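The values are calculated or read from the model by the stated rules, or taken from the named source; none is laboratory data. Remember, predicted model here, so these are calculated numbers, not experimental data. Note: ideal-geometry Cβ built from the backbone for every residue, glycine included; neighbour counts use all protein chains shown. Accessible surface is based on the protein model in full, side chains and every heavy atom, while ligands, DNA and RNA are left aside. Shrake-Rupley method; radii C 1.70, N 1.55, O 1.52, S 1.80 Å.
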Amino acid sequence: MSFQAYIDNITMKTGKTPEQIKEDALSQGVIFEDMKATVFIDWLKKEYQLGHGHGMAMWKYFIKQKWIITKYSRM
């Protein structure tokens, strides 16, 4: 499955775009500086019933958009 296919599948599965998921995460205080992927993926699993692969795709998408900043994304 391509990266874009993961993102499209997440949108279909949740009924929300990545931007809407970002807003949910911000309003619930999920996103913070130097957070770990596990925290984010666990939240996606609880909130949207997304599995690990889809969670990692969202993690990568959020990092790429600079919505999540970690010490590794600054390198």
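Name the one entry in LYS66, LYS71 that is surrounded by fewer than 19 Cβ atoms within 10 Å (Cβ to Cβ), among the basic types (Lys, Arg) and at negative phi.
Numbers: LYS66 fails: at negative phi.
Only one candidate qualifies: LYS71.
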message: Filter segment 5-44 down to the residues that are surrounded by 12 or more Cβ atoms within 10 Å (Cβ to Cβ), closer than 23 Å to SER73 by Cα and among the basic types (Lys, Arg) and list them by number.
response: LYS22
statement: Among (1) under 10 Å from the mean Cα position of the chain (by Cα); (2) part of a helix (DSSP H, G or I), TRP67 falls short only on (2)
message: Testing LYS60 on (1) in contact with a helix residue (DSSP H, G or I) (Cβ under 9 Å, 6 or more places away or on another chain); (2) exposed (fewer than 13 other Cβ atoms within 10 Å of the Cβ); (3) in a helix (DSSP H, G or I), one condition comes back false. Which one is that?
response: (2)
- request: Identify all residues within segment 24-50 that are of a type in the set (S, T, N, Q) and either under 24 Å from GLN4 (Cβ atoms) or part of a helix (DSSP H, G or I) (or both); write none if there are none.
  value: SER27, THR38, GLN49
- prompt: Does GLY53 meet the test of being open to solvent by less than 90 Å² (accessible area, probe 1.4 Å), within 21 Å of THR17 (Cβ to Cβ) and assigned to a loop (DSSP other than H, G, I, E, B)?
  reply: no
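Mind listing whichever residues of segment 45-57 are touching a helix residue (DSSP H, G or I) at 6+ places or on another chain (Cβ under 6 Å) and in contact (Cβ under 8 Å) with a residue 40 or more places away in the chain?
Taking segment 45-57 as the starting set, the residues that turn out to be touching a helix residue (DSSP H, G or I) at 6+ places or on another chain (Cβ under 6 Å) are 48, 50, 54-55, 57.
Matches in segment 45-57: LEU50, HIS54, ALA57.
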